[in-house]
Amino acid sequence: MSMFGQVFVKNNQYKIKGDFHHLTPNQPIRNADDSWQLMGVTNPRDMTYIHSYGGEAVFFKSLCQGKLMATRCDNPDCESRGTIYQPFRIHCMECLGKNTVIDMTDLAKNTATIHTFMVCNRSGAFTILDKPIKFINIEFDGVATILMSYLSIGEPDIGMKVVPIFKKSSPTYTILDLSWVPAGTPESELPEGFGF
Ligand SMILES: [Zn+2]
């Protein structure tokens with residue numbers, strides 16, 4: 001059994017197994033300038049957070065299957081009817097109705113271009129992406145919103161055509177399972193575990 005807590009859902013309830021926090025011994029904090037007098041203690045904390053995806057679960061499930069899902073308002077009474085949202089919006093912000101989930105993989109493969117980008121040589125805590133991180137904002141034909149993601153190969157440029165890649169092997173079931181490469185990149189050059 002994993003040392004980390006595990007969760008599944010049955011009868012619409014979380015069923016949890018394993019340890020969701022670990023007791024780690026604390027350590028004294030001492031003052032090197034004053035005979036190593038006691039100043040305090042460290043309190044190590046290690047906990048597992050249960051993060052529910054709710055209505056967005058289908059988006060994350062589809063990434064490892066090589067599919068990019070979006071949503072669209074299909075309410076005939078809504079002024080925003082037909083508007084496509086990527087990133088995935090569960091509800092239409094205009095009519096508050098539930099959007100329809102659509103597969104926009106082909107649309108992304110054919111029309112994704114870099115709207116703008118940002119190259120970061122430093123990152124925040126717990127980021128596991130290789131540095132420098134090439135964050136890109138991606139626009140798609142017929143999509144009302146712009147998606148933030150990261151470019152895995154090459155140097156980003158405004159207007160550059162890119163295609164999605166998906167972590168099909170050992171997926172993390174997070175947004176990191178989706179990345180982008182310049183259009184025309186051969187599959188053999190993709191990062192480990194990724195495919196088109
Ligand atoms: Zn609507």
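Where a number appears in this text, it was derived from the coordinates with a stated rule and is not lab data. In this text the structure is predicted, and so the values were computed from the model without any measurement. Cβ atoms come from the backbone with ideal geometry, glycine included; neighbour counts cover every protein chain shown.
Dipole magnitude of the stretch 54-195 about its Cα centre, charges +1 at Lys/Arg Cβ and -1 at Asp/Glu Cβ only, in debye to the nearest 20?
300
Among Thr174, Thr48, Leu96, which residue has its Cα positioned farthest towards the positive end of the charge dipole of the chain, with +1 placed on the Cβ of Lys and Arg, -1 on the Cβ of Asp and Glu, and the dipole taken about the Cα centre?
Thr48
Sticking with the crude label model, points 7 Å out along Cα→Cβ, report the distance from Thr48 to Phe126 in nm, one decimal please.
Reported label-point gap for Thr48 and Phe126 is 1.5 nm.
Can you give me the distance in nm between label points at Val9 and Ala183, each placed 7 Å from the Cα along the Cα-to-Cβ direction?
3.8
Using the crude model of +1 on Lys and Arg Cβ and -1 on Asp and Glu Cβ, and no other charge, please compute the dipole size for the stretch 30-128 relative to its Cα centre, in debye to 20.
The calculation lands at about 220 debye.
Could you derive backbone 3J(HN,Hα) for the stretch 184-195 from the dihedral phi with the Karplus parameters 6.51, -1.76 and 1.60 (θ = phi - 60°), listing whole Hz in sequence and x where the residue is Gly or Pro?
Result, ordered by residue: x, 5, x, 4, 5, 8, 5, x, 4, x, 8, x Hz.
Can you show me the helix-derived [θ] at 222 nm for the chain, built from DSSP H runs with n ≥ 4 at -39,500 (n - 2.57) apiece and divided by the number of residues, rounded to the nearest 500.
For the chain, the value works out to -2000 deg cm²/dmol.
Taking just the alpha carbons, could you work out the radius of gyration and Dmax for the stretch 62-111, both in angstroms?
So, for the stretch 62-111, Rg and Dmax equal 11.4, 35 Å respectively.
Given the chain, what whole percent of its Cα pairs are spread farther than 31 Å?
38
Express the relative contact order of the chain as a whole percentage, based on alpha carbon pairs under 8 Å and six or more residues apart in sequence.
Dividing the mean separation by the residue count of the chain yields 15 percent.
Can you give the FRET efficiency to the nearest 0.05 for Trp36 and Thr116, using r as the Cβ-Cβ distance and R₀ = 45 Å?
It comes to 0.30.
Classify the stretch 149-189 as rounded, prolate or oblate from the Cα gyration tensor: take a ≥ b ≥ c as the square roots of its eigenvalues, call it rounded if a/c is under 1.5, otherwise prolate when a/b beats b/c and oblate if not.
Oblate, because a/c is 1.5 or more while a/b does not exceed b/c.
If you average the C-alpha positions of the stretch 171-196 and of the stretch 27-69 separately, how far apart do those two centres end up, in angstrom?
Each part reduced to its Cα centre gives a spacing of 26 Å.
If you plug each phi of the stretch 70-85 into the Karplus form 6.51 cos²θ - 1.76 cosθ + 1.60 with θ = phi - 60°, what whole-Hz ³J(HN,Hα) values come out, in order, with x for Gly and Pro?
10, 10, 9, 7, 10, 6, x, 8, 9, 5, 8, 3, x, 6, 9, 10
For the chain, can you list the cysteines whose C-beta has no other cysteine C-beta under 4.7 Å from it?
Within the chain, the cysteines lacking a partner Cβ under 4.7 Å are Cys64, Cys120.
How many lysine pairs in the stretch 54-195, separated by 8 or more positions in sequence or lying on different chains, have Cα atoms less than 24 Å apart?
20
If I take R0 = 45 Å and measure r between the Cβ atoms of His21 and Asp106 in this structure, what FRET efficiency does the formula 1/(1 + (r/R0)^6) give, to the nearest 0.05?
0.50
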